[in-house]
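Structure first, then comments.
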Amino acid sequence: MSSWIFIDVDWTLTDHERKISSRVVGVLEKLVSRGYVVALASATAYPIVYGLARYLPTSEMIVAENGGVVGYRTELEVLGRVDKDRIIRVAEEKLSCCLRNSWQNLFRFVDVTFVVRENIVPEVAIREAKRVFEPMNLEVMYSGVALHVHPPGINKGQGIRKLFELLSESPKKIIAIGDSEVDIEMFKLADFSACPSHSPDYVKESVDYVASRPYSDGFIEIVEKFLL
């Protein structure tokens, strides 16, 4: 049995500009050389996460769309169904003041995503989105990068469980590193969890360790302190 590390992408593996540095690639290479199974667990659409997992030094195990889609190389499974067109239409009709549609929705299955408009405070957009979507039995979450709408029960923790089921894996240890609300269910599943310093306070309260540095610098700090 191996130890598995599930890593969020945006603002955890990346810097604030959402770029992945050569230092991060070097750390991933070291983790793999130490025998860790390195997997990406992202809110991003599956094709993007697949591309990252394929070309970065990882195991190519993928949790995408906040746990709504999981896969390994040519294997893919969608967890749940949603009327994506209806969600987008409702957002255009009732929330256009706060949100704009994301191009990623062309490639999404179950977690529909929107960008908070630049002149809107995220908390306002979240409140308004919950007012509209929760009566439709949909869950609204905010990753810091985008606002996500999906059926209840879609989360990274559930996605990881399904991935293990598909692979018939029983990991020795689960480590989770992320920075936002969408990572909390993943943290609950982990034996050890950590976040960068820029994470919201309620996220910091849900992990075992909070790095002293933000974004990918915090990720590197966590790995070097506890895993290498």
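No value in this document is a laboratory result; all are computed from the given coordinates. Predicted, not measured: the structure shown is a model, and the values here were computed from it. Counting neighbours? That spans all protein chains shown, and the Cβs are built from the backbone with ideal geometry, glycine included.
With q set to 0.12, 0.15, 0.21 Å⁻¹, the log10 of I(q)/I(0) for the stretch 84-150, from the Debye formula over equal scatterers at the Cα positions, is -0.24, -0.37, -0.77. Counting charges near residue 167 (Lys, Arg +1; Asp, Glu -1) among other residues having Cβ under 12 Å from its Cβ returns a value of -2.
With R₀ fixed at 41 Å, the C-beta to C-beta distance from residue 131 to residue 201 puts the FRET efficiency at about 0.95.
Here's the list of aspartates and glutamates a cross-link from residue 172 could span, going by alpha-carbon distance under 13 Å and ignoring same-chain residues fewer than 8 apart: 191.
Share of Cα-Cα pairs in the stretch 1-141 beyond 27 Å, in percent?
Of all Cα-Cα distances in the stretch 1-141, 30 percent exceed 27 Å.
Normalised by the number of residues in the stretch 84-150, the average gap of Cα pairs under 8 Å and 6 or more apart makes the relative contact order 29 percent. Computing FRET efficiency as 1/(1 + (r/R0)^6) for residue 172 and residue 103, where r is the C-beta to C-beta distance and R0 is 25 Å, gives about 0.05. Highest mean packing first, where packing is the average number of other Cβ atoms within 10 Å per residue, the peptides 212-223, 176-187, 18-29 line up as 176-187, 212-223, 18-29.
Rounded to the nearest 20, the size of the Cβ-charge dipole of the chain about its Cα centre is 280 debye, with Lys and Arg at +1 and Asp and Glu at -1. Extension gain for residue 85 to residue 34 (0.36 nm times residue separation, less C-alpha to C-alpha distance): 13.9 nm.
Here's the list of lysines a cross-link from residue 84 could span, going by alpha-carbon distance under 30 Å and ignoring same-chain residues fewer than 8 apart: 19, 94, 130, 156, 162, 188.
Helical runs assigned H by DSSP (4 residues or longer) give the chain a calculated mean residue ellipticity at 222 nm of -10000 deg cm²/dmol, each run adding -39500 (n - 2.57) before division by the residue total. Bridgeable aspartates and glutamates around residue 30 (alpha carbons under 13 Å apart, same-chain partners fewer than 8 residues away excluded): 224.
Is the shape of the stretch 114-228 rounded, prolate or oblate, going by the alpha carbon gyration tensor and its root eigenvalues a ≥ b ≥ c, with a/c under 1.5 for rounded and a/b larger than b/c for prolate? It comes out oblate by the Cα gyration axes. In percent, rounded to a whole number, the relative contact order of the chain is 21, using alpha-carbon pairs under 8 Å and six or more apart.
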